[in-house]
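A.B. asks: A single structure is presented below for examination.
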Amino acid sequence: MGNPEFHIVFELDTGERVEYCRRMVAAELRDGCYLNIATYAPTCISDQEFARLVVDAARRQPGS
């Protein structure tokens with residue numbers, strides 16, 4: 001994803017639409033090529049809630 005979208009809308013099975021906003025973009029080197037990795041979160045969560053989700057996810061990563 002060379003230029004990740006800023007907003008993405010998904011429709012749930014229930015028909016409810018949830019809007020996500022890009023919160024972070026990181027470049028990661030894989031097999032000699034840089035890839036942009038975008039992280040999204042629902043627009044309704046605060047920056048503090050998002051930071052907590054990122055920390056919790058990092059704790060669950062193997063080798064951390």
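A.B. asks: Normalised by the number of residues in the chain, what is the relative contact order in percent for Cα pairs under 8 Å and 6+ residues apart?
C.D. replies: For the chain, the relative contact order is 24 percent.
A.B. asks: Could you tell me the calculated FRET efficiency between R52 and M24, based on Cβ-Cβ distance and R0 = 25 angstrom, to the nearest 0.05?
C.D. replies: 0.95
A.B. asks: Moving on. What list of ³J(HN,Hα) values in whole Hz, one per residue of segment 41-58 in order, does the Karplus curve 6.51 cos²θ - 1.76 cosθ + 1.60 (θ = phi - 60°) give from phi, with Gly and Pro shown as x?
C.D. replies: Result, rounded to whole Hz: 8, x, 5, 7, 8, 7, 4, 5, 4, 5, 4, 5, 4, 5, 5, 4, 5, 5.
A.B. asks: Could I ask something else about it? So if I take the centroid of the Cα atoms in segment 1-41 and the same for segment 42-64, what is the distance between those two points in Å?
C.D. replies: Going from one Cα centre to the other spans 15 Å.
A.B. asks: Taking only DSSP H segments of four or more residues, each worth -39500 (n - 2.57), what value at 222 nm results for the chain once the sum is divided by all its residues, to the nearest 500 deg cm²/dmol?
C.D. replies: -6500 deg cm²/dmol
A.B. asks: Moving to a separate point now. For a quick check: sort V9, V54 by the number of other beta carbons within 10 angstrom, fewest at the front.
C.D. replies: Lowest count first: V9, V54.
Every read-out reported here was derived from the displayed coordinates using simple, explicitly stated rules and does not represent laboratory data. Because the structure is a prediction, the values reported are computed rather than measured. Glycine gets a Cβ as well: all are built from the backbone with ideal geometry, and neighbour counts include every protein chain shown.
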